[in-house]
Amino acid sequence: MHAPMTPIFHKLLRPIALFAAATSLAACGSGVDPGYSSRSPRFATSVSVNNAKRDPSQLFYAVHESELPNFPASRSSEFAVHGIDVSKYQGDVDWQAVKDAGVAFAYIKATEGGDAVDSKFQRNWAAARAAGIPRGAYHFVYWCRPPHEEIANFKSVVPVEADSLPPVLDVEATPTSRSCKRTLYREEVLEDMKKMLQEMERHYGKKPIIYSSVDFYQSILHENALAEYPIWVRSTKYHPTVRYGSRKWTFWQYRSDGAISGVPGAVDQNAFFGSEEQWRKWLAENRG
């Protein structure tokens, strides 16, 4: 996804409840995130770090280091169905040109926190539908507002429409916020997420999707937490297997600097896990 409308919090996921490494993970190196410093730790974790020198930005690989060349993000080309996600930062999108470029679906930022609304949402929402592109809306979580305020904001902006894609809850860590210094602990976060997801499902009649960054997943959603909900993963360097292990995913954001006809600037690109036939089936099941 894209940078939030407003900064979210100053310290990124300070000490989070320790969690055990999955058995599929290679075990070597330090158990502390390589981004750790004594003044501002990102995570405290029992998960081992593989090859911190080469890739110090994340916690662990779920495949052996020697296998990494077999899992590049370019394997996204193996999937038949591709889409984009947009926010106000893409400017005025020409949705008919996007459709002509072969984009199969789009997710559009609607809201953030308890009161922020993406200034391009209404335009994008209507124009994507007019172009015949299946589209859904997503909400970016601001961790210092109560769950009911977050989803009330989303519901006030995104209409209930049978042909829209399931709503998405975008959960990420945002370390640069000046206004939200809440420390995120796993059980508290999962409880808040579950409240938001349940209300989304109740209101829209569709099981929502969780969008997660790698660091958030490895700290909060590991070991199949909230596995009853589909997940949309971000992994722009590797195939999701490297960072998310065996977790089954529905969408994969494999690029953040894509170029698509009709979009003025760089845009996120995503793949659907399945064939064109499976995509048609998924659409039929998730649109009225």
message = Between Asp115 and Glu223, how high is the FRET efficiency from 1/(1 + (r/R0)^6) when r is the Cβ-Cβ distance and R₀ = 30 Å? Nearest 0.05.
response = 0.35
note = As straight-line cross-link partners of Lys155, the qualifying aspartates and glutamates (C-alpha separation under 13 Å, not fewer than 8 residues apart within one chain) are Glu112, Asp115, Glu199, Glu201
ask   = In whole angstrom, and with the biggest value first, how far do the Cα coordinates of the range 69-286 range along each principal axis?
value = 44, 42, 35
note = Going through Lys120/Lys195; Lys99/Lys237; Lys194/Lys237; Lys206/Lys281; Lys181/Lys207 one by one, the pairs whose alpha carbons sit over 25 Å apart turn out to be Lys120/Lys195; Lys99/Lys237; Lys194/Lys237; Lys181/Lys207
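D for the range 172-272, whole µm²/s, Stokes-Einstein with Kirkwood Rh over alpha-carbon pairs at 37 °C and 0.692 mPa s: what number? Walk me through the numbers before you get to the answer.
Values: Rh = 15.1 Å.
Taking Rh from Cα pairs, D becomes 217 µm²/s.
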ask   = Thr236 to Lys207: extension gain in nm, 0.36 nm per residue of separation minus the Cα-Cα distance?
value = 7.9 nm
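Quick note: the coordinates plus some simple rules give every number you see, no bench work behind them. What you see is a predicted model; the values in this text were computed from it and never measured. FYI the Cβ positions are ideal-geometry reconstructions off the backbone, even for glycines, and counts take in every protein chain you see.
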